[in-house]
1. Identify, by number, the condition in (1) at pLDDT 95 or above; (2) open to solvent by 40 Å² or more (accessible area, probe 1.4 Å); (3) not charged (D, E, K, R) that residue B:288 doesn't meet.
2. Applying the selection to the stretch B:280-339, what residues are within 14 Å of chain A (Cβ to nearest Cβ), of a type in the set (Phe, Trp, Tyr) and outside any loop (DSSP other than H, G, I, E, B)?
3. I need the full set of residues from the stretch B:15-41 which are crowded, with 18+ Cβ neighbours inside 10 Å and within 9 Å of another protein chain (Cβ to nearest Cβ), in order please.
4. Taking the stretch B:63-88, which residues are within 12 Å of chain A (Cβ to nearest Cβ) and either aliphatic (A, V, I, L, M) or under 15 Å from residue B:136 (Cβ atoms) (or both)?
5. Listed residues B:94, B:114; which is of a type outside the set (Phe, Trp, Tyr) and surrounded by fewer than 20 Cβ atoms within 10 Å (Cβ to Cβ)?
6. So which of B:190, B:134, B:158 is part of a strand (DSSP E or B) and farther than 30 Å from residue A:55 by Cβ?
7. Being crowded, with 22+ Cβ neighbours inside 10 Å, assigned to a strand (DSSP E or B) and aliphatic (A, V, I, L, M) is the filter here, so list the residues in the stretch B:161-178 that pass it.
8. Got a sec? Which of B:172, B:159, B:166 is modelled with pLDDT of 90 or more and within 12 Å of chain A (Cβ to nearest Cβ)?
Amino acid sequence: MATPHSISIETVAKVANLARLNLTPQEMATMAEQLSGMLEHFGGIDKLDLSAVVPMAQAVPLKNVLREDVVMPSLDRDEVLASAPDAHDGRFRVPPSAGQES
Amino acid sequence: MSNASSAPQHSTALPNGWEMVVGLEVHVELDTKTKLFSASPNHFGDEPNTNIDPVTLGLPGALPVLNKQAVELAIRLGLALNCTVQPSTFHRKNYFYQDMPKAYQISQYDQPINIDGFMMLPGDVRIGIERAHLEEDTGKSTHIGGSSGRIHGSDYSLVDFNRAGVPLVEIVSRPDIRNSDQARQYVAELRAILLAVGASDAKMEEGSMRCDVNVSVRKPGAEFGTRCEIKNVNSIRAVGKAIDYEARRQIDVLESGGTIRQETRHWDDAEGRTHTLRSKEDADDYRYFLEPDLVLLDPGTEWIEQIRASLPMLPAARRAQLATLTGANKESESVYVVVERGQDEYIAAVAQAGGDAGRALVYVQQAFAEEGATPAVSAAHLAALTQMERDSKVTATQAKTILAEMVANGGGDPAAIAAAKGFEALDTSAVEAMVDAAIAQQADAWAKYCAGEEKAMGALVGAIMKASQGKADGKVVTAILQSRRG
């Protein structure tokens with residue numbers, strides 16, 4: 001049953017595709033049910049008048065955490081590339097992209 | 001970059017009353033020592049993968065820390081573009097691509113650092129700036145195999161992360177641009193501003209300044225048409241060519257009864273055309289959410305005002321000042337070129353030394369192309385040369401010769417050079433004698449000239465210049481001839 005907070009199978013399929021997750025129909029049904037349950041849980045917030053509340057940017061009460069512009073040593077390239085599945089000519093070798101360019 | 005000059009190259013009008021609507025998204029790499037969120041060097045041209053660290057590579061547990069200098073440079077640029085600097089947040093822009101190892105780019109979304117600015121173009125054209133926000137650059141992929149070196153059909157890709165995490169500002173204009181001249185002027189002016197405030201070296205050929213162009217067409221007053229985004233526009237010249245091509249392509253489609261699909265297109269500079277890169281029917285869904293590892297950036301009035309006070313005079317103000325000093329039009333090529341070279345203060349020094357600023361502008365534009373902001377020729381010597389020309393001690397042609405000698409020698413006293421070359425001024429009575437001799441020798445030409453045939457004057461002037469061995473002032477000769485004719 002659709003409620004204001006329900007997540008449809010279609011939405012789950014779309015998000016799964018964007019996240020490159022391969023879900024079975026059974027898994028999608030489970031996810032839709034669980035995600036709907038979570039939204040339902042927070043649905044109580046809708047009953048509050050929040051018009052005077054400034055949206056919170058961060059959970060931590062900090063701002064302007066900044067670093068001076070000073071160079072620190074980089075990682076050793078050979079060591080890094082040795083941990084990669086494949087490398088060539090000082091670079092990471094990867095399969096033709098299955099993704100999208102920004 | 002040699003093509004930054006704003007020399008006018010007019011675009012032709014669109015057919016059948018069509019109007020183009022253009023907006024630009026320009027990415028610039030900020031001139032910091034380190035990356036936006038980590039301490040690896042921000043340096044172009046190094047060996048692949050030598051400027052990398054756990055944050056750059058997106059290794060588990062690595063946390064970003066914002067670079068203060070990148071923030072300062074972003075604010076400098078924002079203020080120079082007349083933006084409001086506001087408290088801002090960072091978001092994750094999620095997508096999968098091999099040059100983003102975290103599978104997201106940290107960018108600014110609904111609360112960018114700079115909003116609502118503008119830039120003025122020649123003719124008092126105002127182009128709105130929607131936003132100028134901070135984000136990190138991506139790594140660089142090289143596609144190997146396949147036919148074209150592009151991603152389609154390639155066998156594999158090689159990835160270099162030196163550029164990943166380099167601080168960028170993306171400057172988004174409002175769709176206020178109406179022709180390719182304005183687009184080129186916008187990019188050239190933005191580049192001049194970036195250089196003036198020290199935010200970026202803005203080298204399009206090295207990719208530290210990159211343009212994406214949004215183009216649509218409409219009939220004036222109609223709703224905006226469907227737009228296409230053009231990528232890979234890598235020079236100011238290409239910005240103009242790509243826009244003109246794309247507007248005409250869209251008009252052809254519409255006039256033959258077709259519709260424009262919203263899509264991303266690729267500019268092929270060699271072929272001079274755009275072609276489809278990908279359709280945007282699947283609207284980009286980057287699932288932006290607040291970056292939990294970064295806190296609010298709220299620079300505060302004190303820091304912002306401190307930065308504002310430290311800004312240099314901007315190119316537009318320098319051009320206006322130079323125009324006032326020299327009497328030239330502030331939109332003239334000489335004023336643009338000289339300010340771009342940073343030689344306007346030198347011309348002010350020439351004027352200060354008693355020189356003619358208008359003549360100095362001409363000399364400097366023509367002869368000092370290879371000189372920097374402080375030419376080897378001293379301001380006092382250039383001032384002296386303008387005085388010699390003004391007082392008719394040398395002719396314009398002789399002054400040019402003297403100037404060339406001064407530039408070649410890295411300086412020198414113009415009076416001494418004039419003396420060495422025998423450029424002594426002929427007094428007017430000597431010139432008058434030569435004029436009379438020429439009239440006697442060239443009776444035919446003189447008769448024609450007296451009958452109103454102006455071009456007959458050329459033979460007379462030529463004879464006089466020859467007799468004077470080039471020492472006579474062409475303007476004086478002409479004046480005497482005119483007065484003799486009566």
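The values are calculated or read from the model by the stated rules, or taken from the named source; none is laboratory data. This one's a predicted model, so the numbers in the text were calculated from it and none came from an experiment. Glycine also receives a Cβ, built like all others from the backbone with ideal geometry; neighbour counts cover every protein chain displayed. Surface accessibility is based on the protein's heavy atoms, side chains included, excluding ligands, DNA and RNA. Shrake-Rupley method; radii C 1.70, N 1.55, O 1.52, S 1.80 Å.
1. (1)
2. Once the filter is applied, which keeps residues that are within 14 Å of chain A (Cβ to nearest Cβ), of a type in the set (Phe, Trp, Tyr) and outside any loop (DSSP other than H, G, I, E, B), the stretch B:280-339 yields B:289, B:303.
3. Once the filter is applied, which keeps residues that are crowded, with 18+ Cβ neighbours inside 10 Å and within 9 Å of another protein chain (Cβ to nearest Cβ), the stretch B:15-41 yields B:32, B:34, B:37, B:38, B:39, B:40, B:41.
4. Selection gives B:63, B:64, B:65, B:66, B:67, B:69, B:70, B:71, B:73, B:88.
5. Details: B:114 fails: surrounded by fewer than 20 Cβ atoms within 10 Å (Cβ to Cβ).
Matching residue, one of B:94, B:114: B:94.
6. Numbers: B:190 fails: part of a strand (DSSP E or B); B:134 fails: farther than 30 Å from residue A:55 by Cβ.
Among B:190, B:134, B:158, only B:158 is part of a strand (DSSP E or B) and farther than 30 Å from residue A:55 by Cβ.
7. Of everything in the stretch B:161-178, those that are crowded, with 22+ Cβ neighbours inside 10 Å, assigned to a strand (DSSP E or B) and aliphatic (A, V, I, L, M) turn out to be B:168, B:169, B:171, B:177.
8. Values: B:172 fails: within 12 Å of chain A (Cβ to nearest Cβ); B:166 fails: within 12 Å of chain A (Cβ to nearest Cβ).
The conditions single out B:159.
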